[in-house]
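Data block below; observations after.
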Amino acid sequence: MTTRRHEHEADLRETWTAHLGQAPEWETGAFPGRPPRGWALDAGVPEILAPFAGPVPRRPTDLLHFGGLSGPAAADLLEALPESERECRHNFAPTTRACLIAAAEFPDEVGLHGFATGPARGVEAISIPTVVVRGPDGLRIFSPSWDDEETPHPDWCQCARLDVLVRDRYGLDHLHGPDEITPWRAPVDDLLDLGEEPTFWRLWWD
C-alpha cells in the first residue's frame, strides 16, 4: 500500500521532472559556479523535502515551501547538496551549511523554514530565510525588527544576547542580525517537537 508521504514524494519528483522538460532552452545550461540544471532531482532532494513541504507547485515558476526541517533529514540534505549549494545564503542569513548542521545536531532546538526553486527557474536552489531556535527563558525582545532606524530597539531589548547564543551554541554564521525576531509557537502538527513548551524564537531574514 502506498502511503500519503510516498505519494507526495513521487508527486514532487514527477512534477519537477516535468518542469525540467519545460525549462526554456536558454535556461537549461549551468550557471557559472553552480551545478547543472536538474541537480536537485539527481541528488534526491524531492524525497528529502517532501515530508516537510507544502503543496507541490504546479506552475514551473512556483516555489516549493517547506517548514520544520530538522534532525536526520537536515543531515541528509546537507550530504545531498553540491558544495556550491552548501555555501549559499539567503541575503544576510546563515549559510545553508550552517543551518543544516545546526538543525541536524539540535533536532529538538532548531527547525528550518524556507523554499526551493525547481529546475524550471533561472537558478535552482534551496533557500533558508527562517530559523526557529530555542532560546533562554525570560528573554525580552523588541519584536518588530532587528535594525529599524525609524523604530530603534529600547535599552531593555536582549536581541544581542540571543544573537550570541545562536552563534555560539548553534554555529549560525549570518552576516547581519535577522530582520525580524518574533516569539514562536509551533502548530500542533509542526515537526519541531516543543516538549513542555520551552521558549522558541523565529529568526527571519528578508
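The values are calculated or read from the model by the stated rules, or taken from the named source; none is laboratory data. Everything quoted here is computed from the prediction, not taken from an experiment. So basically every Cβ, Gly included, is an ideal-geometry build from the backbone, and we count neighbours across all protein chains shown. Areas reflect the complete protein model, heavy atoms only, side chains present, ligands, DNA and RNA absent. Shrake-Rupley method; radii C 1.70, N 1.55, O 1.52, S 1.80 Å.
Summary of computed values
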| item | result |
| --- | --- |
| Hypothetical label at residue 34: residues of segment 40-57 whose amide nitrogen lies under 19 Å (7 Å Cα-Cβ projection) | 40-46, 57 |
| R0 of 30 Å, Cβ-Cβ distance residue 142-residue 105: FRET efficiency to nearest 0.05 | 0.55 |
| Protein-only accessible surface order, largest first, of 109, 87, 14 at 1.4 Å | 14, 87, 109 |
| Förster-model FRET efficiency, 41 Å R0, residue 123 and residue 169, C-beta, rounded to 0.05 | 0.85 |
| Scaled radius of gyration (Cα, divided by 2.2 N^0.38 Å) that segment 62-175 gives | 1.15 |
